[in-house]
1. Rounded to two decimals, what is the ratio between the C-alpha radius of gyration of the stretch 48-93 and 2.2 N^0.38 Å?
2. Test of understanding: ordering LEU67, LEU43, LEU83 by Cβ neighbours within 10 Å, fewest first, what list do you get?
3. Between ASN56 and GLN39, what is the label-to-label distance in nm when each label sits 7 Å out along the Cα-to-Cβ direction?
4. If you wrap a convex hull around the C-alpha atoms of the stretch 72-122 and split its volume per residue, what is the figure in Å³?
5. Once you put a point 7 Å from the Cα of LYS72 and another 7 Å from the Cα of ASP94, both along the Cβ direction, what distance in nm separates them?
Amino acid sequence: MKNTTIFAIFVILLLGVGIFFFTEKGSSAEVQSQKGDVQKITLGMQNYNYYPNTINVKEGQPVEITLDSSVKGCYRSFTIRDLGVVKYSKTEQDTIKFTPNKKGTFRFACSMGMGYGTIVVQ
Ligand SMILES: [Cu+2]
C-alpha cells in the first residue's frame with residue numbers, strides 16, 4: 001500500500017516536471033520578438049451578449065480571441081473599431097488575432113452593435 005502511494009507521488013512529480021518543461025518550451029517558441037506570449041481569450045454567449053463581457057489585455061502583446069460554438073449569427077462578426085479589428089469568425093478555429101497598439105478602454109461589439117462589451121488595454 002505504501003509503495004503504491006510513493007509511486008503515485010513519484011508519477012505526479014514527474015508529470016509536474018514534464019508539464020513545466022513543456023510549457024517553458026511552448027512559450028519560448030512563441031516569444032520570437034520577446035514581446036511575450038499570445039494572450040488567449042475565449043468568449044461565449046450568455047443572455048444575448050458576449051461572456052465574459054470585459055476583457056483585460058496588455059498593450060503590444062498579441063491577442064487571440066476565440067468565439068466558442070455558443071456564439072451564433074451576427075455575433076460571430078466581431079469588431080473593435082478603435083483598434084481596427086473587424087473579423088468574421090466562421091468557426092471556433094477561425095480566431096481573431098490582433099496586437100493592441102494603444103492603452104485605454106475600448107468597446108468591442110458584433111458588427112451590428114447588438115452584443116457588446118469592454119476591452120481594457122493596459
Ligand atoms: Cu449583431
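1. Working: Rg = 11.1 Å, N = 46, 2.2 N^0.38 = 9.4 Å.
Its radius of gyration relative to the 2.2 N^0.38 Å reference: 1.18.
2. On the way: LEU67 27, LEU43 23, LEU83 19.
Ascending number of Cβ neighbours within 10 Å: LEU83, LEU43, LEU67.
3. My value for the distance between the label points is 1.0 nm.
4. Working: hull volume 3.7 nm³, N = 51.
Given the Cα convex hull of the stretch 72-122, per-residue volume reads 73 Å³.
5. Taking the two extended label points, one gets 1.7 nm.
Every number here is computed from the coordinates shown, using simple stated rules; none is lab data. Computed from a predicted structure; not experimentally measured. FYI the Cβ positions are ideal-geometry reconstructions off the backbone, even for glycines, and counts take in every protein chain you see.
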